[in-house]
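Some notes on the structure that comes next.
Coordinate-derived values only; no laboratory data. Since the model is a prediction, treat every value here as computed from it, not as a measurement. Heads up, the Cβs are rebuilt from the backbone with ideal geometry, glycines too, and the neighbour counts pull from every protein chain shown.
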Amino acid sequence: WRGWLAPLSPARYAMAYLLDAVEPHPAVTFLAEQNGFSRLNPQPAGALTVVEKAKQVGRWLEMPAPTIEQLAPAWLPTQLHVPENTEPSAHHLRCIAAFQIRPPTWIRIERGAQNQVSAALARHAIPAYPYPQVAGAIRLQGSPDLERLSAEVPFEIQDLASQCVGWMCAPAPGEHWWDVCAGAGGKSLHLTDLMENQGTILATDVRSGSLGVLRKRAQGRGGNMIACRVWDGTRDPAPGRCFDGVLIDAPCSGIGTWARNPDARWRTTEHDIAQRRIIQEQLLLAGADKVRPGGRLVYAVCTLTEAETQAVITGFLGTRSDFQLEPTPHPLTGRATLGQVWIWPWEADSNGMFIARMKRAS
Ligand SMILES: C[S@@+](CC[C@H](N)C(=O)[O-])C[C@H]1O[C@@H](n2cnc3c(N)ncnc32)[C@H](O)[C@@H]1O
């Protein structure tokens, strides 16, 4: 909220209201009241479209309705990847409209626990909707208390787009994988489940704190398969060893998560995008060296810029002729792809994501 609240103008409050899909953030309400903007009285806005919300703000402030473009930084259209056969300005507006709607909570049910978890969800009267094409993915309605449920049955809170990354890795039982940017381990845990708890995963990250969280989460859930190691990208984390698969879930500008983190759009700069790209390219090269001949390399970012997605992959493939894209079905639709998959936020009510799957020559 720092970016929103710094210039304390009525228009900024109005924009903050616009960003809240359901109700205004308490901090904004408080500051609005403190500053005498009583016309910005909190009203549920979740049912309104972004255009209707803009009109409402115009009425509150007795000014012309803000434009949709004002809801995101001015540099966004120059950085967004635009899909083929799509009109760039229409795509830009569609992205901004999607950033105004918080996606639902998604959970991933562990292999073999479908009936058990479904029964528990029903017992707790939590409305739940499976995503038919992605096994184990369930969309929950509202903001249910999942703490009690997690003590009873095995599942993980994981956005649908993140689940798609695991499915594109498609590791086989008994394989050896390196999760280069493991963080708190959402993807590592998914990989263990897909591998039926057979094989190994080296989970590395620069942040030891998040690896600590991963260790805790892994207890009793394929935990003995996962070796956690702090890694800053400089040394070889596994000398003399190659992997069947390497996943690089790289740090990125995170534009695909702007609907969950509405303030992030005002804290993200074009400089961040350029900086992240340098790290992404370094991590991709480091990961590639550790893929065995014939093995798989998966690159994923939860962002929608050209620079951090297709440009990274095109640059990488231009220098590494031993890798090529590996055709794969789109995890949400089953439609054939050449190995690069976009998940747009409006397709299935999830974060946005870019995933590329590559194979090293045998
Ligand atoms: C997108 S997050 C990973 C999320 C994680 N895979 C999950 O599923 O929960 C990116 C991660 O990259 C890590 N990171 C940033 N720079 C890094 C570097 N140079 N080497 C390794 N990891 C790095 C960050 O600490 C962060 O945890």
TODO: Return Ser118, Ser210, Ser89, Ser162 ranked ascending by Cβ neighbour count within 10 Å, so the fewest neighbours appear first.
DONE: Ser89, Ser118, Ser210, Ser162
Open item on the list: Please list 3J(HN,Hα) in residue order for segment 312-317, calculated via the Karplus relation 6.51 cos²θ - 1.76 cosθ + 1.60 where θ = phi - 60°; whole Hz, with x for glycine and proline.
Closed with: 5, 5, 4, x, 4, 5
- [ ] May I ask you to evaluate 6.51 cos²θ - 1.76 cosθ + 1.60, the Karplus curve with θ = phi - 60°, for each residue of segment 146-157 and list the ³J(HN,Hα) values in order in whole Hz, giving x for glycine and proline?
- [x] 9, 5, 5, 4, 5, 6, 9, 9, x, 7, 10, 6
- [ ] Compare the Cα positions of Pro239, His92, Ala172 along the charge dipole of the chain (+1 at Cβ of Lys, Arg; -1 at Cβ of Asp, Glu; about the Cα centre) and return the one farthest towards the positive end.
- [x] Pro239
Open item on the list: Spelling out what I want: for every residue of segment 111-118, take phi, set θ = phi - 60°, compute 6.51 cos²θ - 1.76 cosθ + 1.60 (Karplus), and round to whole Hz; glycine and proline get x.
Closed with: 3, x, 10, 3, 5, 4, 6, 4
TODO: Using the Cα centre as the reference, give the magnitude of the dipole from point charges on the C-beta atoms of segment 105-157 (Lys, Arg: +1; Asp, Glu: -1; all else neutral), rounded to the nearest 20 debye.
DONE: 160 debye
Task: Proxy reagent accessibility, fewest Cβ within 10 Å first, across Thr105, Thr78 - done: Thr78, Thr105
- [ ] Can you spot the aspartates and glutamates whose alpha carbon is less than 19 Å from Lys216's alpha carbon? Ignore those fewer than 8 places along the same chain.
- [x] Glu110, Glu147, Glu152, Glu156, Asp179, Asp193, Asp205
Open item on the list: Viscosity 1.306 mPa s, temperature 10 °C: give me the Stokes-Einstein translational D for the chain in µm²/s, with Rh taken as the Kirkwood radius over C-alpha pairs.
Closed with: 73 µm²/s
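Dipole of the chain, Cα-centred, from +1 at each Lys and Arg C-beta and -1 at each Asp and Glu C-beta, to the nearest 20 debye?
The calculation lands at about 400 debye.
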TODO: Report, in degrees rounded to the nearest 10, the 0 to 90 angle that the Cα long axis of helix 208-218 makes with the longest principal axis of the chain.
DONE: 70 degrees
Open item on the list: Restricted to Cα positions, what overall size does segment 105-157 have along the principal axes? Three whole-Å values, descending.
Closed with: 26, 21, 17
- [ ] Report the trypsin sites (Lys or Arg not before Pro) located in segment 256-362 that are in a DSSP loop and have at most 12 other Cβ atoms inside 10 Å of their Cβ, or state none.
- [x] Arg335
Open item on the list: Give me log10 I(q)/I(0) at q = 0.13 Å⁻¹ for segment 160-360, Debye formula, one equal scatterer per alpha-carbon, no solvent.
Closed with: -0.66
TODO: Return the long-range amide H neighbours of Trp178 (sequence gap of 5 or more, or a different chain), with a cut-off of under 5 Å between placed amide H atoms.
DONE: Leu202, Gly245, Val246, Leu247
- [ ] Using the number of other C-beta atoms within 10 angstrom as an exposure proxy, rank Leu338, Leu80, Leu284, Leu325 with the fewest first.
- [x] Leu338, Leu325, Leu80, Leu284
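Quick one: longest stretch of the chain between exposed loop GluC sites (Glu not before Pro), exposed meaning at most 10 other C-beta atoms within 10 Å and loop per DSSP?
Details: sites that count: Glu62, Glu84.
Counting at most 10 other Cβ atoms within 10 Å as exposed, the longest clean stretch of the chain is 85-362.
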